[in-house]
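The values are calculated or read from the model by the stated rules, or taken from the named source; none is laboratory data. All of these numbers come straight from a predicted model, not from anything done at the bench. Positions of Cβ are backbone-derived with ideal geometry, glycine not excepted, and every protein chain shown enters the neighbour counts. Ligands, DNA and RNA are stripped out before the accessible areas are found, and what is left, the full protein with its side chains, is counted by its heavy atoms. Shrake-Rupley method; radii C 1.70, N 1.55, O 1.52, S 1.80 Å.
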Amino acid sequence: MKKIYTLLFALVIIQTSFAQEKPKNSIGGRPNIPSDLVFEFGFNQLNNRPEDMGLSFFDSRTFNVYFQHPFKIFGEESGITFNPGFGVGSDKYAFKDPQNLVNNPLLGTESSEMVDLTEIYGDDIRIKTNSLAVNYFDIPLDFVYHLNKTNHSKGFRFSIGAKVGILYEAHTKNKFKDADGLKRKVKDSQNYGLEKIRYGLTFKAGSPGFYTWFYYGLNSTFQAGKGPYGTAASQLNFGVAVNVF
């Protein structure tokens with residue numbers, strides 16, 4: 001995942017350098033390029049999750065990087081564009097209690113159950129991190145309405161759309177200090193019974209350079225009967241975004 005973000009960051013530098021000779025719009029010197037490279041930051045939650053699967057709100061975060069290109073529809077001055085794109089999304093679930101996911105051998109390789117970490121690493125451990133990270137290749141599809149119909153690089157805009165994601169990696173991470181004072185970090189990559197495809201609705205509102213966003217997942221995060229406690233919980237994400245271009 002770090003390699004992907006490094007590549008995307010390099011793309012930002014190259015594109016920004018290429019655009020330095022282009023005319024600037026009024027938003028703090030932002031390059032006026034007819035495409036959007038956005039960085040979305042926010043919080044990640046599970047809707048209708050089991051009570052025993054508590055999440056730490058501020059530690060459960062989401063980070064998305066998307067490149068989207070607008071296509072004018074319904075005429076040059078309709079103010080409406082269709083913005084398809086592609087990118088990567090990373091969601092972190094930080095659990096409140098000293099627990100995390102492990103494979104459930106009774107349900108097969110693509111499954112998980114929640115266990116107390118003291119059952120694995122001993123009673124006298126001090127846990128610093130116990131989280132699940134889930135990473136997707138995403139395809140965002142937005143219908144955007146621009147209040148400034150003649151200059152889409154200025155003014156307020158809002159959108160309604162959808163997002164489809166393909167799971168490509170998931171892992172748990174446990175960081176703790178054991179009874180002997182030894183600091184340990186254990187990372188385990190597997191499927192954990194997660195659905196391989198996610199899809200849901202998106203809502204965005206703001207200026208061309210900065211906006212707020214909301215994602216409501218329409219399908220369960222875990223495969224039916226394969227996740228912890230048989231959960232059918234779905235994703236609920238929201239936050240703010242910076243549009244580089």
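With an 8 Å Cα cut-off and a minimum separation of 6 or more residues, compute the relative contact order for the chain in percent. Don't jump to the answer; show the numbers that get you there.
Working: 627 pairs, mean separation 51.6, N = 245.
It rounds to 21 percent for the chain.
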- Query: Which far-off residues, 5 or more places away or on another chain, put their amide H under 5 Å from the one on Asp97, with H placed in the peptide plane?
  - Reply: Gly54
- Which distance in Å, rounded to a whole number, links the C-alpha centroids of region 186-237 and region 160-181? 12 Å
- Expressed as a rounded percentage, what relative contact order does region 65-115 have, with Cα pairs under 8 Å and six or more residues apart? 26 percent
- Note on the structure: Taking only the Cα positions of region 143-198, the convex hull volume per residue in Å³ is 169 Å³
- Query: Counting only the heavy atoms of the protein chains, how much of Arg157 is accessible to a 1.4 Å probe, in Å² to the nearest 10?
  - Reply: 30 Å²
- Item | Most to least packed among 224-232, 144-152 [average Cβ atoms within 10 Å] | 224-232, 144-152
- Query: So what's the chain giving for Cα Rg divided by 2.2 N^0.38 Å, two decimals?
  - Reply: 1.16
- Pair Val240, Ile197: separation of 7 Å Cα→Cβ label points (nm): 3.5 nm
- Message: Would you report the distance distribution of C-alpha pairs in region 101-204 as whole percents per 5 angstrom bin, up to the bin with the largest distance?
- Response: 2, 10, 15, 13, 12, 11, 9, 8, 7, 6, 4, 2, 1, 0
- In degrees from 0 to 90, rounded to the nearest 10, what is the angle of the helix 2-18 Cα long axis to the longest principal axis of the chain? 10 degrees
- Message: Out of the total accessible area of the chain (probe 1.4 Å, heavy atoms of protein only), what percent is carbon and sulfur?
- Response: 60 percent
- Listed residues Lys154, Lys175, Lys183; largest mean-square fluctuation, Gaussian network over the chain with Cα springs below 10 Å, found at Lys183
- So which aspartates and glutamates pass the test for Lys204, namely a Cα distance under 12 Å, with those fewer than 8 places away in the same chain ruled out? Glu40, Asp142
- Task: Show Leu167, Leu55, Leu201 ordered by accessible area, largest first, where the area counts protein heavy atoms only and the probe is 1.4 Å.
- Result: Leu201, Leu167, Leu55
- Message: Restricting to DSSP H runs of at least four residues, report the calculated mean residue ellipticity at 222 nm for the chain, -39500 (n - 2.57) per run over all residues, nearest 500 deg cm²/dmol.
- Response: -2500 deg cm²/dmol
- Message: Using the Karplus curve 6.51 cos²θ - 1.76 cosθ + 1.60 with θ = phi - 60°, what ³J(HN,Hα) values do you get for each residue of region 174-184, in whole Hz, with x for Gly and Pro?
- Response: 10, 10, 7, 10, 7, 4, 8, x, 7, 7, 10
